[in-house]
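**Q** Below is one structure. I have some questions about it.
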Amino acid sequence: MPFHQWLKLFILTCLVVLLTAPAPPPLQPASESVQNDLWFAFKQRLGGDAVSRPLAFDLFTPELDTAFLTADGKTAVLWLALRDDYGRRLATEPALALARRTPTGWQILLPSDPEWQTALASLPPQSLPAEIQPDPANLLNENIINAPLTGYYLPYAAGTARWMEGSISHFQSIPELGYPSCSQVYCRYAYDFTDYAPFPLLASKEGYVLASRDSCPDGSPTCTNYIVLHNRDEDTYQIYLHLAHGTIPDKLTPGTFVQRGQYIGDSDDTGYSTSQHVHFMVVHKNTLYFSNSGYYWGQSIDIRFADVPINNGIPRNCYEVTRFPIYDGATECLGNKLDPRNPANDWYVSGNVGAFPPTGSLTRPTSGATLLQNTDSKIDVTATATDDVLVTAVSLVVKVNGQWMEAGPKITNPAQPGVYDWDVDLCSVGPLNGEVEVALRVWDHEGNVAPALSPRSVFVDHACPPSASQLKPAEVFDSTAVQLTWDGFDNGAGFGGFDLQWRPEPGGWEDGRMAASSMCLLTGVPSGLWASRVKPMLSVCAQWISTGNWKIGRPVIPPKHPQPYLHPVSRMIMNRMIHLLRQDY
């Protein structure tokens, strides 16, 4: 055989061998005993670096999330989670540390160590999250787009709030804690949203399904559920990561159009994650690729949320704006900067109105029906309700003082599919007598609420008596102090408090005070003849402001009430009750 033919054959054989060579075996979960040894070695390393610890240690304590071993057992990968000073584990992508087995035990490597990149490159690529993998060779690696892009909304239902766990935190260098978890090029405009439990996700902007996966078990660290939407007008891709098992609707197949506000699945903890959350970002087509980790990835681009009220639509948390450099002029957070990890901080309320809210209709009571007729305070309610995903609850609502108030419980279990039948105590809302408006309220899985469906007027035949109160004789402690007590009769409506007024005789009524209980102690009152009066406030009355004729601005009579609130008023002198009289107002 001529040499040149032999050489070609040799090269071809080598290529075949290289192309068909088995991939290095993936990392395997470390046993509990090995994880304990790795964690002990990590804590020893931290103790040795105590002098150079960053300020992050003031608010965060690292802990081991999970660990993996190479097939030969010589190298380990540690996923690190952080717990703040309030006891909350951060729901985000984990920090990383590596470990090498030596004759004397495990040697910990951190991102600042010279051997880090070499050790990282020796690991099986498919076992590393896309966030820390090298760029693919054929990636164009340039964003050609006029950023920032607008028209995006927070990826959950309008009126609901989620904790913004992190944005620029992804790429901050804290090597002692194993950070960054992602580079600035890829994660500058990535956002992690979480809550105390997994929550439904809605499309932040319209797009067509590129790909999705929801077959990974919930909480799996080696498998990531995701969905990617392509906005053809911008040529951008919305990436949603860490979704829950089996929650992406079956109808969302590749090429399906998805409206803004349409349900796309639930958040969870699948893949490269320390706790349940959604990792959301938008990337340009030039940097989008399918990673060895089994999900899409790319370089995030600047977007603005129309429903974020600060930083021109850029969400930040209070820890980020007080401890890290400022990016894109985003200096504000939602909360107390002096207590940056306070659990009350950084809850962002969405304005992302659901594309397909629930629908429904009352079937009973019928319009114009006369209810109760002095026999019982309960009525029978029936309704139908539907949703494109799932109806989670229905309730009867009653219009009180121009506002729809829920009457009775939320009903979560239908009598049969789509049909609900339950009893409601109308008097629990208040003394509803005469003409009353009622309607149906429906909640769906996504968090959308249809507040008042199929409203109608009905007539309540004086079955709900008004609340009442009765002053008791005053208890005198000295010449300038007196204690007033009274009985309240709520007749099932509940009390929001009591409104007490007094005046010298003769004289005008003083400004009232609210009392949470049926007792009030007055001090510094000069001797003389005084009158007092008390009125119970229904629990729903706390919302009725600037109506009625009480001086502190709370009402006496709600709309359409056929009788005035009749409350006993007592006239008293400092050391004895003179007589009891009744006054209407």
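**Q** Take each of the peptides 59-71, 356-368, average the number of other beta-carbon atoms within 10 Å over its residues, and list them starting from the highest.
**A** Most protected by this proxy first, the peptides run 59-71, 356-368.
**Q** Same structure again: Can you give the accessible area per residue of region 359-462, in Å², using a 1.4 Å probe?
**A** 43
**Q** Could you work out how far apart the two model spin labels at K285 and A161 are, taking each label as a point 7 Å from the Cα in the direction of the beta carbon, and quote it in nm?
**A** 4.0
**Q** Let me ask something else. I want to verify the translational diffusion coefficient of region 28-127 in µm²/s; compute it with Stokes-Einstein, Rh as the Kirkwood radius over Cα pairs, at 20 °C and 1.002 mPa s.
**A** D = 150 µm²/s.
**Q** Post the alpha-carbon centroid distance, region 404-434 to region 311-333, in whole angstrom.
**A** Region 404-434 and region 311-333 have Cα centres separated by 45 Å.
**Q** If you don't mind, there's one more thing I want to ask. Report the gain in length on full extension from L390 to F459: 0.36 nm times residue separation, minus Cα-Cα distance, nm rounded to one decimal.
**A** Answer, rounded to one decimal: 21.5 nm.
**Q** Using label points projected 7 Å from each Cα along Cα→Cβ, tell me how many nm separate V349 and N413, to one decimal.
**A** 3.4
**Q** Follow-up. Counting only protein heavy atoms and a 1.4 Å probe, tell me what percentage of region 359-462's accessible area is made up of carbon and sulfur.
**A** Its accessible area is 48 percent carbon and sulfur atoms.
**Q** Starting from the amide H of S293, placed 1.01 Å from N in the peptide plane, find each other amide H under 5 Å away whose residue is 5 or more places distant or on another chain.
**A** A130
**Q** Here's another thing I want to ask about it. Among the listed pairs K251/K410; K43/K337; K251/K285, which are separated by more than 27 Å between their Cα atoms?
**A** Table pairs above 27 Å Cα-Cα are K251/K410; K43/K337.
**Q** Go through region 260-272 residue by residue and turn each phi into a ³J(HN,Hα) via Karplus (6.51, -1.76, 1.60, θ = phi - 60°); whole Hz please, and just put x for glycine and proline.
**A** Per residue, the Karplus-derived 3J(HN,Hα) values read 4, x, 7, 5, 10, x, 10, 6, 7, 10, 7, x, 6 Hz.
**Q** Then there is this: Given +1 on the Cβ of Lys and Arg, -1 on the Cβ of Asp and Glu, and no further charges, what dipole in debye does region 73-199 carry about its Cα centre, rounded to the nearest 20?
**A** Here region 73-199 has a charge dipole of around 300 debye.
**Q** A further question follows. To the nearest 20 debye, what is the magnitude of the charge dipole of region 359-462 about its Cα centre, counting +1 on the Cβ of each Lys and Arg and -1 on the Cβ of each Asp and Glu?
**A** About 140 debye.
**Q** Along region 193-200, what does the Karplus equation 6.51 cos²θ - 1.76 cosθ + 1.60 (θ = phi - 60°) give for ³J(HN,Hα), rounded to whole Hz, x for Gly and Pro?
**A** Going residue by residue, I get 10, 9, 7, 6, 8, x, 9, x Hz, with x marking Gly and Pro.
**Q** Okay, moving on. Using the beta-carbon distance between A71 and K251 and R0 = 51 Å, what value does 1/(1 + (r/R0)^6) give for FRET efficiency, to the nearest 0.05?
**A** 0.80
**Q** What does the highest-first list of 326-337, 437-448 look like by mean Cβ count within 10 Å?
**A** 437-448, 326-337
**Q** So, one more: Can you give the local net charge around D376? Use residues other than it whose beta-carbon is closer than 12 angstrom to its beta-carbon, Lys and Arg +1, Asp and Glu -1.
**A** It works out to a net charge of -3.
**Q** What length, rounded to one decimal in nm, is gained on full extension from S31 through to A147, with 0.36 nm per residue of separation minus their alpha-carbon distance?
**A** This chain segment gains 37.1 nm when fully extended.
The values are calculated or read from the model by the stated rules, or taken from the named source; none is laboratory data. Keep in mind that this is a model prediction, so the values were computed, not measured. Positions of Cβ are backbone-derived with ideal geometry, glycine not excepted, and every protein chain shown enters the neighbour counts. These area figures cover heavy atoms from the full protein model, side chains too; ligands, DNA and RNA do not enter into them. Shrake-Rupley method; radii C 1.70, N 1.55, O 1.52, S 1.80 Å.
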